[in-house]
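Structure first, then comments.
The values are calculated or read from the model by the stated rules, or taken from the named source; none is laboratory data. Quick caveat, the model's predicted, so the values are computed rather than measured. Cβ atoms come from the backbone with ideal geometry, glycine included; neighbour counts cover every protein chain shown. With ligands, DNA and RNA removed, areas are computed over all heavy atoms of the protein, side chains included. Shrake-Rupley method; radii C 1.70, N 1.55, O 1.52, S 1.80 Å.
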Amino acid sequence: AKGARRPAQQADPYAGHPRVRSSGNPDTAKVIAVGEMPGETEIEQGEAFVGEAGQLLRRAIREETGLDSDREVYYSNVIPYRIAELQTDAQKIQAGKQCVGHLLNEMAAMPGLPVIGVGGIALTVLTGEKGITGERGILRRLPDKRTFFPVVHSAHILRADAETRPGLERTFRQD
C-alpha cells in the first residue's frame, strides 16, 4: 500500500569478517548439510565444508548413503563468517540467530529437501533444542515442515583422542 513502511533492515554485525559461500548445486541437491561456521581451510578456499572435518562428513555421506556428496549435497553454515572472538556456545548461538537469514533464504530455494544439522549450534539455531549428544539421530521437523536430522559435528570427532575417535566416528556414521 502507498505510504506503508517497510521494515528497517538491520546492519549485518559481522560484515567485516571473512565470509564463506555455501557449496553445492541447489539444482542437483537431495539434502542440505548445515554446520556452525567456517574453519580456517574454508576461509582460505572460500567454500563451506572443504576442510578436514568437511571431508570427513562428505566421505561418510558418500559411503553410508550412496549419495554423491559433491553433486547431491548442498553445504552451508548458520554463521557464514569466521569470527574468532566467538568462543562460547552461547556466543555462537546468538551469532547464529543473527546470521541465519542467509541460510533460510538458501533453503527456501530448495523446498522440501531434508537437512542434516552438523553439530549443536546448528541444532539449537534451527530448532531451539540444546544438547547434540542427546538429540543426535532423532528426526525432527523444522518450521517449514522439512525433515531435520542432527548429527555430532565431524570436527568433534577429529578433536577426540586416539582411543575415543573410532567409537565416535562409528556412531557418526551410524547416525
Do we find a residue being assigned to a loop (DSSP other than H, G, I, E, B) and within 13 Å of the chain's Cα centre (by Cα) anywhere in segment 107-119?
yes
I'm checking my understanding of the structure. Among residues of segment 140-173 that are open to solvent by less than 50 Å² (accessible area, probe 1.4 Å) and part of a loop (DSSP other than H, G, I, E, B), which one is nearest to Met110 (Cα to Cα)?
Arg146
What single numbered condition from (1) of a type in the set (Asp, Glu); (2) in contact with a strand residue (DSSP E or B) (Cβ under 7 Å, 6 or more places away or on another chain); (3) farther than 20 Å from Glu47 by Cβ fails to hold for Glu106?
(3)
What are the residue pairs meeting all of these: first residue in segment 150-168, first residue in contact (Cβ under 8 Å) with a residue 60 or more places away in the chain, second residue crowded, with 19+ Cβ neighbours inside 10 Å and aromatic (Phe, Trp, Tyr), Cβ atoms under 8 Å, and 6 or more apart or on different chains?
Ser154/Phe172; Ile157/Phe172
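From the list Leu103, Leu67, pick out the single residue that is under 21 Å from Pro150 (Cα atoms), under 16 Å from the mean Cα position of the chain (by Cα) and among the aliphatic types (A, V, I, L, M).
On the way: Leu67 fails: under 16 Å from the mean Cα position of the chain (by Cα).
From the options Leu103, Leu67, the qualifying one is Leu103.
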Selection over segment 37-59 where residues are open to solvent by less than 10 Å² (accessible area, probe 1.4 Å) and part of a helix (DSSP H, G or I) yields a count of 3
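Quick check on my filter: what residues within segment 122-147 are among the aliphatic types (A, V, I, L, M) and more than 15 Å from the chain's Cα centre (by Cα)? Let's see the steps before the verdict.
Applying the first criterion (among the aliphatic types (A, V, I, L, M)) to segment 122-147 yields 122-123, 125-126, 132, 138-139, 142.
Within segment 122-147, Ile138, Leu139 qualify.
For (1) over 25 Å from Arg58 (Cβ atoms); (2) open to solvent by less than 10 Å² (accessible area, probe 1.4 Å); (3) without any contact (Cβ under 8 Å) to a residue 12 or more places away in the chain, each residue gets a yes or a no:
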residue	(1), (2), (3)
Gln87	yes, no, yes
Gln98	yes, no, no
His102	no, no, no
Met107	no, yes, no
Ile116	no, no, no
Lys130	yes, no, yes
Arg136	no, no, no
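Would you call Pro150 within 14 Å of the chain's Cα centre (by Cα), modelled with pLDDT under 95 and either of a type in the set (Asp, Glu) or over 21 Å from His17 (Cβ atoms) (or both)?
Numbers: within 14 Å of the chain's Cα centre (by Cα): yes; modelled with pLDDT under 95: yes; either of a type in the set (Asp, Glu) or over 21 Å from His17 (Cβ atoms) (or both): yes.
Answer is yes for this residue.
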Would a scan of segment 84-101 turn up a residue that is assigned to a loop (DSSP other than H, G, I, E, B) and within 20 Å of Ser23 (Cβ to Cβ)?
yes
(1) open to solvent by 40 Å² or more (accessible area, probe 1.4 Å); (2) part of a loop (DSSP other than H, G, I, E, B); (3) in contact (Cβ under 8 Å) with a residue 12 or more places away in the chain; (4) under 24 Å from Val50 (Cβ atoms): which one isn't true of Ile79, the others all being true?
(1)
